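Could you have a look at this structure, given as structure tokens, before my questions?
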Amino acid sequence: MSIANKASQLGRLIAVMLLAACAPKAMPQGAAGGADLILTDARVYTLSWGEPALDGTPARDAPFAKGQWHPDAQAVAVRDGRIVFVGSTARALEYRSQQTRVLDLKGATLLPGLVDTHTHFLEFGAKLEAVDLTGLPGAEPAIARVAQRAKAVPKGEWIFGAGWDEGAWASHYPDKAALSRAVPDHPVVLRGLHGFAVWMNQAAIDALGITAASKVPVGGEMKLGADGQPNGLFLNNAVRMVDALMPPVPQPVLARQALRGLTQMAQDGYVTVHEAGVDARAMVAFQQLEGEGRLPIRVYAMLSLRDAPLMRQWIARGPDRDNSRMLVTRAVKAYYDGALGSRGARLLDDYADRPGHRGISGQGYGFDRDLAAQAMRAGFQLGVHAIGDAGNREVLDLYEAQFSADPASRANRHRIEHAQVISPQDMPRFAKLGIAASMEPPHAVEDMPWAEARLGPQRIHGAYAWRTLRQNGARLTFNADNPGSDHSIFYGLHAAITRRDKALQPPGGWYPDQRLTIEEAVRAYTVWSAWAAFREDQTGTIAQGRWADLTVLDLDPFALAGTAPEKILAGRIMLTVVGGRVVFER
Ligand SMILES: [Zn+2]
């Protein structure tokens, strides 16, 4: 003990001498004292070397030789929320004082903190709270699971569940009777796996005011019992009737769900999320969490253009520009067309699998062009959902027109969310107009079973076209659009560099010419995402003076990319640090 103490005293003495001798240059001006946190023995990829070429070739100064990546540092020291040193473990430990927490990462990989530029973490939090009924064989175990949950929920509060299989259960649909007996004091709403059925108890039927006389939309079915009353099962379009009757989620529940979603994102390695579509009630919840200092990770809020009163309020006030806050409201999310799977995306020519049909966009889809223009004029960044090649072209046209009417608005780094199908002639326009393509690696590998049927053999080349966009100079940022897709960084990186799904299909990758390199994929979740939120001077790379926003992985995706990319799928997040604070630790 005393020897160890002496050794550590000696170490400190040497450290102090070394600090006196050579550290002043390495320490930020005026700052004195030790680090709060030192992360040692890591494989650090700082990403502070030059940008790769548009074909993915690493820059000359990149830590890349003979086809293999190498970490470019070993340790990081953090003080007052910022990185004060990056380099060797020995030198990082010179920043140690009695208050310093030193974490030996034992060879784990340290990256700039991960960013997901398009999430729905509130919805994700609600999904996490719902009782999971997936894979259950029938009503009995489902009811047991709901009853178990009810024990922990105050009486009268709604209980939601999801995942029972309305397809597999179709020959023996459940009804309200046993569910109402087991859970009489909470309204219970259980959604089917595919969204075509809702099963509820008597308390929910009563709370929603549903009776045998309720008007069921065309294409819907409200099942009735032997007594002529609703029996608790609602099919197809009757689900929409139920949704329309649902009361708003109480504010405290919203705040709880937001926190739940954010906490999970922190555990999954994310230091910042962009919430794509915040309405007035969500904003109240976020502001409350920020005010109470409870946001675990940074939230970049994109206001929902569909909430016109909220938009007018923010247009009058103007965007937040103080990046140091945990909640920054600087962007607006708008919808321009539908989705490709359901053939709502607007195409320039007919759907290959439905002649005469081209989807829907713009005003017909509820896009409020005037309000969008006002938001741009007020200095907001606009992120417009566009999927089809016509949807994308129309949004690019809209940006172009707005920039000539109001040249100053061009500086606000506008985005197209998804940018899923792009006509060849529109590819260069992203760079020309300075529009970022905010895209989802999971979508490519999840849509591949049917996307080509919708688009045909020509247009498919412009779909999920990360490489083509890059080669045309477009800026990319990556995300998962959760909870629609799995936001695991390991899944995202794997999809981005292999174009294969989780089952490693197809073996050669789906349109593999659109693959990115591991460096590009990591940049799209870090430094390129920092740019998309006006933060490239504060974060995105690991360098002295930057925010101590860091993510630690138990495997090295740079090393594996060249040898065994499928192994990346098994990765785990070990540590998440936001502004120097450890928000998750395995
Ligand atoms: Zn979305």
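How many residues, within the range 250-288, are of a type in the set (Phe, Trp, Tyr) and either in a loop (DSSP other than H, G, I, E, B) or within 16 Å of the ligand (Cβ to nearest atom) (or both)?
1
Right, next: Would a scan of the range 499-507 turn up a residue that is buried (at least 19 other Cβ atoms within 10 Å of the Cβ), assigned to a helix (DSSP H, G or I) and modelled with pLDDT of 95 or more?
Scanning the range 499-507 turns up no residue that is buried (at least 19 other Cβ atoms within 10 Å of the Cβ), assigned to a helix (DSSP H, G or I) and modelled with pLDDT of 95 or more.
Among Ala411, Ala419, which is under 17 Å from Arg346 (Cβ atoms) and modelled with pLDDT of 95 or more?
Ala419
Yes or no: Trp510 away from the ligand (no atom under 16 Å from the Cβ) and assigned to a helix (DSSP H, G or I)?
no
If I filter the range 445-462 for residues that are away from the ligand (no atom under 16 Å from the Cβ) and closer than 23 Å to Pro58 by Cβ, do I get at least one hit?
Looking for residues that are away from the ligand (no atom under 16 Å from the Cβ) and closer than 23 Å to Pro58 by Cβ, one finds none in the range 445-462, hence no.
Return the residues of the range 136-155 that are open to solvent by 30 Å² or more (accessible area, probe 1.4 Å) and either within 15 Å of the ligand (Cβ to nearest atom) or within 30 Å of the chain's Cα centre (by Cα) (or both); say none if nothing qualifies.
Those that are open to solvent by 30 Å² or more (accessible area, probe 1.4 Å) and either within 15 Å of the ligand (Cβ to nearest atom) or within 30 Å of the chain's Cα centre (by Cα) (or both): Arg145, Arg149, Ala152.
Identify the residue in the range 321-337 that is in a strand (DSSP E or B) and within 16 Å of the ligand (Cβ to nearest atom) and, among all such residues, is surrounded by the fewest Cβ atoms within 10 Å (Cβ to Cβ).
This residue is Tyr335.
State the number of residues belonging to the range 367-401 that are open to solvent by 10 Å² or more (accessible area, probe 1.4 Å), part of a helix (DSSP H, G or I) and within 16 Å of the ligand (Cβ to nearest atom).
Residues in the range 367-401 being open to solvent by 10 Å² or more (accessible area, probe 1.4 Å), part of a helix (DSSP H, G or I) and within 16 Å of the ligand (Cβ to nearest atom): 0 in total.
Counting only residues that are farther than 17 Å from Val395 by Cβ and part of a helix (DSSP H, G or I), how many does the range 425-458 have?
15
Tell me which residues, restricted to the range 50-63, are free of Cβ contacts under 8 Å to residues at least 12 places away in the same chain and under 19 Å from Pro565 (Cβ atoms).
Result: Thr57, single match.
In the range 124-135, what residues are out of contact with any Phe, Trp or Tyr (no Cβ under 6 Å at 6 or more places or on another chain) and more than 16 Å from the ligand (Cβ to nearest atom)?
Here is the first cut: in the range 124-135, the residues out of contact with any Phe, Trp or Tyr (no Cβ under 6 Å at 6 or more places or on another chain) are 124-129, 131-132, 134-135.
Answer for the range 124-135, where residues must be out of contact with any Phe, Trp or Tyr (no Cβ under 6 Å at 6 or more places or on another chain) and more than 16 Å from the ligand (Cβ to nearest atom): Leu128, Glu129, Val131, Asp132, Thr134, Gly135.
Answer yes or no: is there a residue in the range 403-410 that is under 25 Å from the mean Cα position of the chain (by Cα), surrounded by fewer than 18 Cβ atoms within 10 Å (Cβ to Cβ) and not charged (D, E, K, R).
Looking through the range 403-410, none of the residues is under 25 Å from the mean Cα position of the chain (by Cα), surrounded by fewer than 18 Cβ atoms within 10 Å (Cβ to Cβ) and not charged (D, E, K, R).
Condition check ((1) within 16 Å of the ligand (Cβ to nearest atom); (2) crowded, with 22+ Cβ neighbours inside 10 Å) across all residues:
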| site | (1), (2) |
| --- | --- |
| Ala75 | no, yes |
| Leu103 | no, no |
| Gly107 | no, no |
| Leu122 | yes, yes |
| His172 | no, no |
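Filter the range 289-320 for residues that are in a helix (DSSP H, G or I) and open to solvent by 50 Å² or more (accessible area, probe 1.4 Å); which is nearest to Val271 (Cα to Cα)?
Restricting to residues being in a helix (DSSP H, G or I) and open to solvent by 50 Å² or more (accessible area, probe 1.4 Å), the top hit is Gly291.
Within the range 402-424, can you find the residues that are away from the ligand (no atom under 16 Å from the Cβ) and closer than 18 Å to Tyr335 by Cα? Give the steps one after another, and end with the answer.
First, pick out the residues of the range 402-424 that are away from the ligand (no atom under 16 Å from the Cβ): 402-414, 421-424.
Correct list: Gln402, Arg413, His414, Val421, Ile422.
A follow-up question, please. For the list (1) in contact (Cβ under 8 Å) with a residue 60 or more places away in the chain; (2) open to solvent by 30 Å² or more (accessible area, probe 1.4 Å), I need the number of the one condition that Ala280 fails.
That leaves (1) as the condition not met.
Within the range 542-552, identify whether any single residue is surrounded by fewer than 24 Cβ atoms within 10 Å (Cβ to Cβ), free of Cβ contacts under 8 Å to residues at least 12 places away in the same chain and over 20 Å from the mean Cα position of the chain (by Cα), and answer yes or no.
No - not one qualifying residue is present in the range 542-552.
Moving to a separate point now. Can you pull out the residues in the range 386-409 that are of a type outside the set (A, V, I, L, M, F, W, C) and within 14 Å of Ala375 (Cβ to Cβ)?
At the first step, the residues of the range 386-409 found to be of a type outside the set (A, V, I, L, M, F, W, C) are 388-389, 391-394, 397, 399-400, 402, 404, 406-407, 409.
Selection gives Tyr399, Gln402, Asp406, Ser409.
I want to confirm something. Restricting to the range 469-484 and keeping residues that are assigned to a loop (DSSP other than H, G, I, E, B) and open to solvent by 10 Å² or more (accessible area, probe 1.4 Å), which single residue is nearest to the ligand (Cβ to nearest atom)?
So, considering only residues that are assigned to a loop (DSSP other than H, G, I, E, B) and open to solvent by 10 Å² or more (accessible area, probe 1.4 Å), the one nearest to the ligand (Cβ to nearest atom) is Asp481.
Table: residues versus (1) open to solvent by 10 Å² or more (accessible area, probe 1.4 Å); (2) closer than 22 Å to Leu504 by Cβ; (3) out of contact with any helix residue (DSSP H, G or I) (no Cβ under 9 Å at 6 or more places or on another chain); (4) of a type in the set (D, E, K, R).
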| site | (1), (2), (3), (4) |
| --- | --- |
| Ala437 | no, no, no, no |
| Glu440 | no, yes, no, yes |
| His443 | yes, yes, no, no |
| Leu455 | no, no, no, no |
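The values are calculated or read from the model by the stated rules, or taken from the named source; none is laboratory data. Because the structure is predicted, anything quoted here is derived from the model rather than measured. Ideal geometry is used to build each Cβ from the backbone, glycine not excepted, and the neighbour counts take in all protein chains shown. Side chains included, ligands, DNA and RNA excluded: accessible areas come from the protein's heavy atoms. Shrake-Rupley method; radii C 1.70, N 1.55, O 1.52, S 1.80 Å.
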